[in-house]
Amino acid sequence: MTPAANARATSPAAALPSPAALPTAALPLPAATSPAASPATASPATASPAATSPATTPPAAASKRRWRKAAKGKTFARRGAYFNRELSWLAFNRRVLDQARNAKNPLLERVKFLSIVSSNLDEFFEIRVAGLIQQVESGITEPTPDGLSPEEQLRRIHALVASLVEDQYRCWLRELVPALAKSNILIKTARELRPAELAWVQAYFHEQVLPVVTPLAIDQAHPFPQLGNKTLNVLVTLRDEITPAAQPDPGELPRIAILPVPRILPRIVRLNPAGDGPQRYIFLSEVIKLCASSFFPGYRIGGTCVFRVTRNSDLYIDDEESDNLLKHIEEQLRNLRRGAAVRLEIEDHVNEHVFRDLCEHLKIAPEHVFRLRGPINLMRLMSLAGIDRPDLKYPPFTPVNCSPLAPAAPPPPAVPSPVAPAVAGKNEGRNIFDILREQDVMLHHPYDSFAPVVDFVSHAARDPQVFAIKQTLYRTSGDSPIVRALIEASRNGKQVAALVELKARFDEANNIHWARQLEDAGVHVVYGLVGHKTHCKCSLVVRREGAALRRYVHLGTGNYNPNTARLYTDLSLFTAREGITADAANLFNTLTGFSRSPTFNHLLVAPFGLHERIRELIRQEAANAAAGRPARIIAKMNSLADQETIDTLYAASRAGVKIDLIVRGICCLVPGIRGRSENIRVRSIVGRFLEHARVFYFENDSHSGIHTGPLIYAGSADWMPRNFFRRVEVLYPIDAPAHRDWITRRFFPTEMADNENASELRPNGRYVSVPRAANAPLLSAQNAFMEDAIARAAAMLSTGA
């Protein structure tokens, strides 16, 4: 760290007052309830805990081999040591369903959660289940670390999904539909339509639906159509129209036709929207079933049912075999709609003969079929959740822009904030780079506005002193202000490089669109390292200041997407610290050029040693605990699945390290097992916002007895094999005292005190609500952070800034 950077890091002005309303105790936080086991032997870390050891870059093939080796560690056959990755994910989706069933949540928010359950299941089948089916078809029987073969995983997945979907439809039909009716939102079926409503539906059908639906007959002259992935279809059975002179043939087999439901039509239709009274809605599929005879004059309808096919949607791309990655991915995207069927959702009343024929055409096994009693694809409910009923939604919340990077910042508020305060009016006439030369700035989204992130790139694009901008893009919005700023910068004559990740799942087409627009504007567009996804979130600006060039960087835990920044919880760091900006420059040089052994002195970067460094830090805590020194680990992430990291955490637990894990989704670690993990607690927070930040705390007590302070990192990497070995990830240190104080005294304690949206993982794999004392008030971490933000905004208004 440079002397100037050190001076501003220790500036008293950066310190923040501790709040009184919420938990403010300094770490360590309350320890695990189970007594510690006898210390186990643990090897001390071989590198200094204060800095990252340089690592040798593994080539793509070597990185993949190491990942496979990590998946086959010494404890491979140790049953009960790990939860299954896929089953753990299903447990997460169960927690999302719990939010839909929670009557304390606003009604339309519950509808939205129910829709998210279906969206999550779609991706699960398209990628994870599809992969397991391929393994079974290829004859792979090798078990995962939890001991389950691919075939056994599929069997358990089907049972759990069947139970989950049954509860999902029970929630819709028995809880949400009646509750919506009480709120004057009526969901109608065709049978429930009154004469006036029936007339309106028939008129709507003939005006809006009939012209755009193409009936598809199935017979010798009409082969079974290629049905797109996740498209909604109505299966119709037809019989010859009976005349007075004809008698029905009991042995006659019905004719079959399919009515594909166009995606351009709204899936939920409001009945007579100009009318008075309760809002009434009907599913479009109900409208088409009701009026299906209009497509087949001369035939009578034998029956109708709605179905939907989910297909394998994983891209099969070998970077080393593809000389043009962009064109190859475009071709793969066109082929996705023809992927193998991995799930069939169909209404339960389907004719059995027709059902067997459908399964045969789709080449889908019965165990991948879900027969449902209710509307197919509850993801369609997202449009219903968007209706204008503020009384049935969360109270509105607008992210605040109170950071030092705001045009005119207020004096220090009397509430906690992750950002160092600036004096009112201090920023007048000064640009964003003047401020960052004096201090780091950290934002906590969505409570803090994403505007400074956009401003950082936009100001750089227009600043005549800025010579170069380098940017990673993993996921961004449809009308991205970041991309627009990069295009403007290039047209202003600046050197602009954009690392666009074409393989960002389900955003491939969007990213191809942006890549072409950037290239047309003269931006140098690259696609990262062969064999690795570029998942890190980094923006680097190079600016001439006097006779020297100075670098500025933004690093984040979330994507450069203003839309999701209002829905995901993430951290952003802006800094001009020489060590970090030099590492960021080295990172971009590695991504755009060739480098087999890049050196990073401050950032932790995958696949260049992040995995081993994380394990070193855990082992150091174990060594400290064994030596009787303070030892503590708190890790917040989306997913924990890496076996070697889990084994290292187990060893630390046996050594007496108190470990708290805040893992939103997949967790393959089994907590609370005596002699293995009794010092480890795992909790998950599922609430209004999607918990997305990755933040890691290590107590880092020194061997010399001089406590130099904990090591705190944030960044893009979960603790999974893919993040350690198959992605480019970055963890950045939190160095400024005010930021470290906020994380240790506010961020982690508040999340650990959540007893409203948090649940704890038990040794049997079940998640239970966090225990709460009889008189203890409910505390939601997300609500607490919103209250902090609102208080900061109020403080700004009160100063007249």
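The values are calculated or read from the model by the stated rules, or taken from the named source; none is laboratory data. Given the structure is predicted, the values throughout are model-derived calculations rather than measurements. Reconstructed Cβ throughout: ideal geometry from the backbone, glycine too, with neighbour counts over all protein chains shown. Just so you know, the surface numbers come from the protein's heavy atoms only, side chains and all, with ligands and any DNA or RNA stripped out. Shrake-Rupley method; radii C 1.70, N 1.55, O 1.52, S 1.80 Å.
Remarks
- Scanning region 644-665 for residues that are within 28 Å of Asn120 (Cα to Cα) and either open to solvent by less than 10 Å² (accessible area, probe 1.4 Å) or modelled with pLDDT under 95 (or both) gives Thr645, Ile646, Asp660, Leu661, Ile662, Val663, Gly665.
- Test: Ala623 is small (Gly, Ala, Ser), under 30 Å from Phe83 (Cα atoms) and touching a helix residue (DSSP H, G or I) at 6+ places or on another chain (Cβ under 7 Å): no
- The requirement of being open to solvent by 20 Å² or more (accessible area, probe 1.4 Å) and among the basic types (Lys, Arg) is not satisfied by Arg95.
- Restricted to strands (runs of 3 or more DSSP E) entirely inside region 556-643, no element has at least 1 residues that are free of Cβ contacts under 8 Å to residues at least 12 places away in the same chain, of a type in the set (Lys, Arg) and open to solvent by 40 Å² or more (accessible area, probe 1.4 Å).
- Region 200-216, subset farther than 21 Å from Tyr299 by Cα and of a type outside the set (A, V, I, L, M), residue least open to solvent (accessible area, probe 1.4 Å): Tyr204
- The set of residues in region 509-555 that are of a type in the set (Gly, Ala, Ser), at pLDDT below 90, within 19 Å of Ile487 (Cβ to Cβ) and open to solvent by less than 40 Å² (accessible area, probe 1.4 Å) comprises Ala515, Ala521.
- Against the list (1) surrounded by fewer than 18 Cβ atoms within 10 Å (Cβ to Cβ); (2) out of contact with any helix residue (DSSP H, G or I) (no Cβ under 6 Å at 6 or more places or on another chain); (3) modelled with pLDDT of 90 or more; (4) part of a helix (DSSP H, G or I), the condition His349 fails is (4).
- If only residues of region 89-125 that are touching a strand residue (DSSP E or B) at 6+ places or on another chain (Cβ under 8 Å) and basic (Lys, Arg) are counted, the one that is nearest to Phe689 (Cα to Cα) is Arg95.
- Any hit, region 186-193, residues being out of contact with any Lys or Arg (no Cβ under 9 Å at 6 or more places or on another chain), touching a residue at least 24 places away in the same chain (Cβ under 8 Å), polar (S, T, N, Q) and open to solvent by 30 Å² or more (accessible area, probe 1.4 Å): yes
- Residue, nearest to Glu644 (Cα to Cα), within region 739-778, restricted to residues that are of a type in the set (A, V, I, L, M) and at pLDDT 95 or above: Leu761
Matching residues to (1) out of contact with any helix residue (DSSP H, G or I) (no Cβ under 8 Å at 6 or more places or on another chain); (2) under 26 Å from His445 (Cβ atoms); (3) not in a loop (DSSP other than H, G, I, E, B):
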| site | (1), (2), (3) |
| --- | --- |
| Gly687 | no, yes, no |
| Val695 | no, yes, yes |
| Ala714 | yes, yes, yes |
| Ala717 | no, yes, no |
| Phe724 | no, yes, yes |
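- Residues of region 666-675 that are in contact with a Phe, Trp or Tyr (Cβ under 9 Å, 6 or more places away or on another chain) and either aromatic (Phe, Trp, Tyr) or surrounded by 22 or more Cβ atoms within 10 Å (Cβ to Cβ) (or both): Ile666, Cys667, Cys668, Leu669, Val670.
- Filtered residues of region 148-177 (kept if more than 21 Å from Arg380 (Cα to Cα), in contact with a helix residue (DSSP H, G or I) (Cβ under 9 Å, 6 or more places away or on another chain) and not small (Gly, Ala, Ser)): Leu148, Pro150, Glu151, Gln153, Leu154, Arg155, Arg156, Ile157, His158, Leu160
- Of the residues making up region 170-185, those that are surrounded by 14 or more Cβ atoms within 10 Å (Cβ to Cβ) and not charged (D, E, K, R) are Cys171, Trp172, Leu173, Leu176, Val177, Ala179, Leu180, Ser183, Ile185.
- Residue pairs meeting the criteria (Cβ under 7 Å; at least 6 apart or on separate chains; first at pLDDT 95 or above, in region 73-101; second aromatic (Phe, Trp, Tyr)): Trp89/Phe124; Ala91/Tyr767; Arg95/Tyr767; Val96/Phe113; Gln99/Phe113; Ala100/Phe113
- Flag if Phe748 is closer than 14 Å to Ile634 by Cβ, touching a residue at least 60 places away in the same chain (Cβ under 8 Å) and under 23 Å from the mean Cα position of the chain (by Cα): yes
- The set of residues from region 751-760 being part of a helix (DSSP H, G or I) and either farther than 18 Å from Ala635 by Cα or among the aromatic types (Phe, Trp, Tyr) (or both) is empty.
- Scanning region 266-300 for residues that are assigned to a loop (DSSP other than H, G, I, E, B) and either touching a Ser or Thr at 6+ places or on another chain (Cβ under 8 Å) or open to solvent by 20 Å² or more (accessible area, probe 1.4 Å) (or both) gives Pro266, Arg267, Asn272, Pro273, Ala274, Gly275, Asp276, Gly277, Pro278, Phe296, Pro297, Gly298.
- Residue that is farthest from Leu591 (Cα to Cα) [pool: residues in region 693-735 that are open to solvent by 10 Å² or more (accessible area, probe 1.4 Å) and of a type in the set (A, V, I, L, M)]: Ile706
- Ile634 meets the stated requirement of being touching a Phe, Trp or Tyr at 6+ places or on another chain (Cβ under 7 Å) and hydrophobic (A, V, I, L, M, F, W, C).
- Any hit, region 151-169, residues being in a helix (DSSP H, G or I), open to solvent by less than 30 Å² (accessible area, probe 1.4 Å) and of a type in the set (Ser, Thr, Tyr): yes
- Hits in region 761-799 (condition: among the hydrophobic types (A, V, I, L, M, F, W, C), in contact with a Cys (Cβ under 7 Å, 6 or more places away or on another chain) and either in a helix (DSSP H, G or I) or open to solvent by 90 Å² or more (accessible area, probe 1.4 Å) (or both)): Ala793, Met796
- Subset of region 455-476 [within 21 Å of Gly493 (Cβ to Cβ) and open to solvent by 10 Å² or more (accessible area, probe 1.4 Å)]: Asp455, Ser458, His459, Arg462, Asp463, Pro464, Gln465, Phe467, Ala468, Lys470
- Residue in region 684-695 that is under 18 Å from His611 (Cα atoms) and within 20 Å of the chain's Cα centre (by Cα) present: yes
A quick yes/no check of all residues on (1) within 27 Å of Thr564 (Cα to Cα); (2) modelled with pLDDT of 95 or more:
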site	(1), (2)
Ala414	no, no
Pro418	yes, no
Ala422	no, no
Gly425	no, no
Asp440	yes, yes
His444	yes, yes
Tyr447	yes, yes
Pro452	yes, yes
